[in-house]
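Structure record follows, encoded as structure tokens.
Bear in mind these aren't lab numbers, they're just calculated from the coordinates by the rules spelled out. Not measured: the values here are computed from a predicted model. Neighbour counts run over all protein chains shown; Cβ positions are idealised from the backbone, glycine included.
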Amino acid sequence: MHHIHLRDLDVSRIGLGAMGMSQAYTGAGTDEAESIRTVHRALELGVTFIDTAEIYGPYTNEELLGRALKGRRDQVVLATKFGLVSHGGDGPGNQDSSPANIRTAVEGSLARLGTDHIDLYYQHRVDPNVPIEETAGTVGELIAEG
């Protein structure tokens, strides 16, 4: 498997997008064991980049990956996204990239993924109600906090 460097991250050029394991496609979310086998097989084949988001399910895709990666977390570069779930009351499908929402989202993602760190954490869609500088500043603060 070919790899590429994203700053200090070494990732496989082919990644695994896990959204379809929990939503959007016929049969999505119906066979967790098969989804976990798929993640494990991808790892066996050298895939080291896995992508998810809190909105997938919502939440269930991160939970699935948390179970699939238990004991294997150090084998992957794990990416997840924020901004399409408003934790302040509007719920899933509502853009919210406010600093408070980002902090709530990252804590939830960490818990669901069963990890103490996320390698790539990014905004799912630009929130027109929050200046991008504010969103980037909050993400920068999270990075500095570890």
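Could you tell me the center-to-center distance, by alpha carbons, between region 80-129 and region 44-60 in angstrom?
Region 80-129 and region 44-60 have Cα centres spaced 15 Å from each other.
With only Lys, Arg, Asp and Glu charged, each at its Cβ (+1 for the first two, -1 for the last two), find how big the charge dipole of region 23-62 is about the Cα centre; round to the nearest 20 debye. Mind dumping the intermediate values first?
Working: 2 positive and 7 negative charges, 23 e Å.
Charge dipole of region 23-62: 120 debye, to the nearest 20.
Select from Asp127, Asp116, Asp96 the residue whose mean-square fluctuation is largest in a Gaussian network model of the chain (Cα-Cα springs shorter than 10 Å).
Asp116
Which loop-located trypsin sites (Lys or Arg not before Pro) does region 39-113 contain, where loop means any DSSP state but H, G, I, E or B and the Cβ has at most 16 other Cβ atoms within 10 Å?
Lys70, Arg72
With point charges of +1 on the Cβ of Lys and Arg and -1 on the Cβ of Asp and Glu, referenced to the Cα centre of region 3-145, which listed residue (Gly114, Thr104, Ala18) lies farthest in the positive direction of the dipole?
Value computed over the given set: Ala18.
Give or take rounding to whole Å, what are the principal axis extents of the alpha carbon atoms in the chain, in descending order?
That works out to 41, 35, 23 Å along the principal axes.
Would you please give the residues with an amide H less than 5 Å from that of Gly17, counting only those at least 5 places away or on a separate chain, with H modeled from the backbone geometry?
Distant-sequence amide H within range of Gly17: Asp51.
Once the dipole of region 3-145 is set up with Lys and Arg at +1 and Asp and Glu at -1 on Cβ about the Cα centre, which of Ala42, Val130, Gly93 lies farthest towards its positive end?
So the residue furthest toward the plus end is Ala42.
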